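The values are calculated or read from the model by the stated rules, or taken from the named source; none is laboratory data. Since this is a predicted model, take the numbers as computed values, not measurements. As a convention, Cβ positions derive from the backbone with ideal geometry for all residues, glycine included, and neighbour counts pool all protein chains shown. To get the accessible areas, we keep the full protein, side chains included, count just its heavy atoms, and leave off ligands, DNA and RNA. Shrake-Rupley method; radii C 1.70, N 1.55, O 1.52, S 1.80 Å.
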Amino acid sequence: MIMKSPLPTLFFFICLPLLIFVAIFTTHLKTDISAFFIAGNNAEEILLASEIQSGTLSRQYILSIDAGEGEQVATSFTSAWLTQLKSIPGVVDVWAVDEKKGAINALSTIYAKHAAQTFSLNPERELATLFTDSALAARALALKQALLSPEGELIKKVVVNDPLLLSLSAFKDLADQLKNKTSNTRYANFILETTMSGMNAPAQLAIQEKIQATFSKQTQTDFSQKRKASTLEYQLDMTGIPMFSVATQSMIASDIKFITVLSSVTLSLLFLFVFRSFRLMFWVFSLLISVITIAVLVTNFIFGSVHGMTLAIGSTLIGICIDYPIHGLVLTQGFRLEQRFSLLKKISPSLLMGALTTLIGYIALGFSGYPGFQQVAVFTGTGIMISLLLTRYLFPYLETENAQPIEPYKWIFKWINFCLRFRSALLFLVLFLSLASVVQLDRLQWLQDLQQLTPELDYLKANDKIIRDRMSSMEPGRFVLISDMTAELALQRAEGVYKRLDGLKKTGRLKDYFGLYPWLISEHQQLTNQEQLIQALTPETRQRWQNALDAQGLSVQRLGLLNYDEQPPLSKDQVLKSSVGRLVSNQLLMTKQHALVLIWLAAHDPVEVQGALSDLEHVQYFSQRDVLNRMTQDYQQRAEWALFVGLCIIVLMLAWRYKSLFMTLQTLAPAFLAALLILGLWAWTGEEISFLHLIGFLLAVAICVDYGIFYQENRSGDLSLTYHAVAVSMMTSALVFSCLFFAQTSTLQILAKVVSCGVLLGFLLCPLLITSKQE
C-alpha cells in the first residue's frame, strides 16, 4: 500500500534539521595526519605513536634564534623574551636547550646526596683506580682548585655530602656534550612546552601566533633601546610536532571547505544542465545532505571521532550516492506515484547489486593498512546503503508528475552505434592495448618512502632539519628504543646498552649518544654502586684520603670523614619532579603496561649499531624513515591483498547472480580493462605508484562494475535511456573525484587521478565490451 499523503515528505524535512543539529554538536573532528596514516605494528611502536600524538613529545616546540653571521644573541634579549613567553596562557615552561641552571641546582641538592649511588655505571673499574695514593692526591689537588675557582660556591655545597666529588665525575661526559652544543653562540635554542596536546591545532595556532608576537615586540623594544635596528635583526625559527599539526589541520580544513563547495557547485550546475529543474535539485541534494549527516553520526559513534581526511575523501560520497537517485530519476521522471514505485521496484535488483559491489570496494579499503581508511570505509559504506534505501522508499514522494520524461542525449545513441558498427576493430584495438599493458606491468615503479606521500610538508621537514643541526649532531628520527614492563627494568636494560654504545664510540662507529645517565639510573645499579663504594672505604682508604687532604692544606675534619652512608635509592619520581625532570621526560615514556627508554644517537654507522645491539632482548635500533618505509611495504602488500580479495568477492557475487561465467566476465570487463590500461600507461611513463593507487583502482573498479551491471541488465527496457542514466552517474562521480585534483593533500590528488580516469574509461568501454539483450 503506497501512502499518497505528504506525511513521508513532512517527516523527512522535520528529521533532517534535527540530524544536522546533532551532527554539528556531537561530532568530534580530528586533523592529526599521523593518526590517519600511521599505526604501529608492535607494542613499542604503538606506544611511541601515542606519545607523539598526545604525550610530552607532542607538546613541545623548539625555538631557535639566529643572530646572523658573525653576531651573537644577547643574553638580555633572551631573558626578557623568555619572561614574556612564560606568561602566555597554555605555556608550561620555557628553557634553554643547553640550560645549566637547573642541572647545577640538581647537582648540589640531589645528586651530591646520592653520589655513592650514581657515580658510575662501572663501579668495579672506577673503584680499582680511585683509591690509590696517586689518584687520591690528584683528587685532593683537584678539590682544592675547584674550591678556589669561580664555581667555588657550588663546590662548597657539593662537598658537604660528596667530599670525593664523585657526582662531578658522573657529569663529566654530560658537561662535554653541553660544551659541544653551545660552541656556536650565533644561535640560541629553547624548548617550550604547552599544556595541551600538539594535536590540538586551534590552541597551538594561538600559541604560535603569540610566540611570534612576543618575539616581534621584544625585538623592537631591544633594538630600539640599543639603536641597532638598522644594522642587526634576529630571526626566529620554530619546529616541533605542533608546527606540523597546525599546518596539516589548516591544509585539511582548507581542502574540506574548498572541495565541498567546489563539488557541490559543479554538481549543481551539472544537475541543472541535465534535468533543468531547481525543485528536483533541491530534493536530491536534501537527500544527499541527510546521507552524509547520517554517515558522520555513524562514524563518530563507532570511532569516537571523525577525521578531517575522512570528510575530505568522503566528500566524493556525493558523486557516488547521487548515482542511485539519478538513475531512478532518469527512468521514473514524469510518471505517476504508483508507476514510480513500480519502476524503482523493477530496477532495484540492479541498484542493490551495484551498491553491494561498491560497498565491497570500500570494505576492502578498510583492510588496506591505513588506520584512517577504516573510517572512510564505515563512512562511505553507511552513506551508500542509506542513499539506496532513501532512493527506493522516499525519493518517489519527492518527484512530480508534471515533469517531462527524460530523453537520452544524441551522443548516447551515436556512441552506442559507433561501438556496434566498429566493434571488431575497436575490440582488436582494446585487446592490443591490454596486451601491451600486461607486458609493461613488470616496469611498474613502486614508491618506497612513505614521507614522499606528503610533499606538501617538505618545507617544514627542511626547516626542522636546519634547526636541529644548530642544536647538536644528533640525528633526528634515529635512536635506540628499550622497552620493558616497568621503568626500573627498562633502565637496567638501558645501562647495558650504554656499555655497548661506549664501545662503538671508542672504535669511531658512533660519534656520541644522549641517554638518561647520569640524570636517571636504575635502583639496582644504585644499590650496587653504594655497596661496592662502602666496602672500598676501609680505614686504610680513609687514612690515605686524609693524608692527601692534609698535603693540600684542606680541612680533614670537614672533608676527611667520607660519610657515604647507606640510604634509599634516588627514585624516578624524585628526578622527574625536580628541576631536571623536563630534561629527561621526553626520553622516558610510560603507560600502565609498558615503559620505553629512548637513547638519541649522533652520527653513526647504522649497520654497526644494529649489530652491536642485535643480541639484546627488548632493544631495537629505531629509524623513523626505516619504520615508515616498512609500513609502506606493508601497506602495499595489504592493498594488493585487499584489491585481490575485493575483486574475487565481486566476481563471485556476479557469478552467483548471473549463473553464467560469460555474462560475469562481460560485466566486469569494462572495469578491469580500464584499470589495466591505466596501469600500463603509468608503467610506460615510469610514474611511481603507491598503495594509494591500488586503493584508487579498487574504488574505480567497484564504481565501474555498477555501470556494467546497469548496462548488462537494462531493466528499464530502453538501452539508450539506461546508458543515459549511467552517463549522468559517471559524470557526477568523475566530476566529484576530479575536484580532488585541486586539494593541497597529495593523497586526495592521487585518488582523484586514479578514480576519475578509471570511471570515465570504464563507462566508455561498456557498449563495446557488453552485449546487451536489446542490441
Expressed as a percent, the accessible surface of the stretch 646-775 that is carbon or sulfur, using a 1.4 Å probe and the full set of protein chains, is 71 percent
In a shell of Cβ-Cβ distance under 12 Å around Leu559, excluding Leu559 itself, what net charge do Lys and Arg (+1) and Asp and Glu (-1) give? +3
Ser387: net charge of surrounding residues, Cβ under 14 Å, Lys/Arg +1, Asp/Glu -1, itself excluded? -1
Over 18 Å between alpha carbons, listed pairs Lys572/Lys592; Lys346/Lys414; Lys113/Lys157: Lys346/Lys414
Amide H to amide H under 5 Å from His307: which residues, 5+ apart in sequence or cross-chain, H placed 1.01 Å off N in plane? Lys30
For the pair Ser614 and Trp411, how long in nm is the line joining their label points, each one 7 Å along Cα→Cβ? 6.3 nm
How large is ³J(HN,Hα), in whole Hz, for each residue of the stretch 208-220 in order, when computed from phi with the Karplus curve 6.51 cos²θ - 1.76 cosθ + 1.60 and θ = phi - 60°, using x for Gly and Pro? 4, 5, 6, 4, 5, 5, 5, 5, 5, 5, 5, 4, 5
When the charge dipole of the stretch 651-775 is computed with +1 at the Cβ of Lys and Arg and -1 at the Cβ of Asp and Glu, the Cα pointing farthest to the positive end, of Met730, Pro767, Ala655, is that of Ala655
Which of Lys86/Lys217; Lys465/Lys506; Lys217/Lys461 have a Cα-Cα distance over 18 Å? Lys465/Lys506; Lys217/Lys461
Which value, in Å to one decimal place, does the Kirkwood hydrodynamic radius take for the stretch 498-642 when every pair of different Cα atoms is included? 19.7 Å
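Below 8 Å, C-alpha to C-alpha, sequence gap of six or more: please give me the relative contact order for the stretch 242-359 in percent. Walk me through the intermediate numbers first.
Values: 37 pairs, mean separation 31.6, N = 118.
Reported relative contact order: 27 percent.
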Please report, for the Cα atoms of the stretch 59-152, the Rg to one decimal and the Dmax as a whole number; what are they, in angstrom? 20.2, 58
For the Ser424, Gln235 Cβ pair and Förster radius 56 Å, calculated FRET efficiency rounded to 0.05 is 0.20
What FRET efficiency, computed as 1/(1 + (r/R0)^6) with R0 = 30 Å and r the Cβ-Cβ distance, is obtained for Lys217 and Lys461, rounded to the nearest 0.05? 0.50
Summing +1 per Lys or Arg and -1 per Asp or Glu among the other residues with Cβ less than 12 Å from Thr194's Cβ gives +1
Surface/4 estimate of mean projected area, convex hull on alpha-carbon atoms of the stretch 539-611, nm²: 10.6 nm²
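What order, most packed first, do the peptides 720-728, 139-147, 420-428 have when packing is the mean number of other Cβ atoms within 10 Å of each residue?
Numbers: 720-728: 23.2, 139-147: 17.2, 420-428: 12.1.
Highest mean packing first, the order is 720-728, 139-147, 420-428.
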Quick one, can you get me the convex hull of the C-alpha atoms of the stretch 638-775 expressed as volume per residue in Å³? 100 Å³
List the trypsin sites (Lys or Arg not before Pro) within the stretch 693-775 that fall in a DSSP loop (any state other than H, G, I, E or B) and whose Cβ has at most 10 other Cβ atoms within 10 Å. Lys773
